[in-house]
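To start, the structure itself, in structure tokens.
A short reminder: the numbers here are calculations on the coordinates, not readings from a lab. The shown structure was predicted, so the numbers you read here are calculated from the model rather than taken from an experiment. Positions of Cβ are generated from backbone atoms using ideal geometry, with glycine treated the same way; all protein chains shown enter the neighbour counts.
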Amino acid sequence: MLEINAKLLRDQSAVFMCGEVVECLIDFIHPSLPEHKISQSNSDILENLAWATVQLHCYCNASFNEKAPHDAAANRNVGGSTSLNASNQLKGEVLHSTEPKILFCDLRLSPGEAKQFLYRETVPLNTPPTYRGIRVKYYYKITVATQRLGSTVQALNIPIRVLPLPLPQSDLDEAITLNDESNEDLAPNNPFLEKKRPPSRIEYALHYLRGVTARRRPNFFMINNKWGKVGRFCLFKSAYKLGEDIVATIDFSCGTIKCVQLSVTLQCEETELLHGAVSPSSSTPSAKEDAKGADSADVASSTAEGANEPERPKNISRVTNYSKHHEVCLGMLQTQVILPIPLHVTPTFRTELIEVSWRLHFQFVTSTNAELSSEMLLDRTAENEEGLEWVAPTDIAIETMIWSLPITIYPTAPLQIPQPCGEYKLNIK
């Protein structure tokens, strides 16, 4: 019997960014024979492995697939069709795989002997992050495959989590500069100073991540409905990292109607990107267009034109709720909202199949009941401050208003996510 042990060098966190180097230690061990077992020949003692390879695979498990089989096979970056594909019984198809690295050929181990190998691989840049959604799942495995003489191929899978690389839309070298290179070029050369090493792509990305998530530019939103003003919402920034707290304030002192109850939920929206589909928001007229008061003739003509066009499929969106803030805010002049962003969620990203976005979903329960107005309470208090006691009404007419505010969630540094990686074992008998 042979044992295969695999363990990541970064054992405190099995989280990596696209473009980062993954290092894994792989041990092939032949355990010592028991003392009471006596071998008859040298062939009984030695264990022989024909070969062993290591690859990094990115799997995509989608419950919908609109691509043709030949198109899907053409888009996959798989290093040939070998017996290794038959040994992997994981769900989904291989979306991307690195070039296989051969560890050895014809390895012979005597009892008590062990061989250790170091596997180094760079996570590809053009692959999606780890995501476990409702209809689509992306996940990564380091696959150690080997074959014993006269046996089938066996594989050991080591899971890792991959985060997207936070880069601006423009070129990396032009958008971000860690050092003021222009000033360095103008300075006189000093032969005794060691020349600075140019920053790596990961350092560029982390620098951009710190800069884009540290900008505090308060955004104010006036919340209104058909009865008047509800309040003013203040969001200090719109870009956050994993593990941060979304802090905002709501000011009800400027409102003309009472807000009885408030609910704010951090939601993740998963949208299926179908070819030729339209978003749900584009198929219906917006509230601003309705408020402009379009003529009935224009509305009728646009309806007739829409009826002649062939009906296109709509992108399907599914929402997952995470942290939530709920508060009864009747009588409050100001309140604070704090929503923590979990570390295990996936940041904002987009692929050919889906788009993952984040938003804050608000539910305001308002009331125009006269007994809840501040003017009425002030008049009653002025008449008799000592003997008057206000009793809340048993029934009030309420109206619920819903609003969603999109935000952007970026990844954080991989070492800040505590996700220990244990030791993975495979016994070959």
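Legend: calculated FRET efficiency, Q261 to Q419, from the Cβ-Cβ distance at R0 = 45 Å, rounded to 0.05, equals 0.75. Each of the peptides 107-117, 144-154, 14-24 was scored by the mean count of other Cβ atoms within 10 Å over its residues; in descending order, highest first, they stand as 14-24, 144-154, 107-117. Note on R210 and R108: the extension gain reaches 31.7 nm, defined as 0.36 nm multiplied by sequence separation minus the Cα-Cα distance. Ordering of 261-270, 340-349 by packing is 261-270, 340-349, highest average first (other Cβ atoms within 10 Å, averaged per residue). Amide H contacts under 5 Å for V162: F16, T130, restricted to partners 5 or more places along the chain or on a different chain, H placed in the peptide plane at 1.01 Å from N. Amide hydrogen proximity for Q261: with H placed 1.01 Å from N in the peptide plane, the residues at 5 or more positions away or on another chain lying under 5 Å are C329, V365. Each other residue within a Cβ distance under 12 Å of L109 adds +1 if Lys or Arg and -1 if Asp or Glu, for a net charge of -2.
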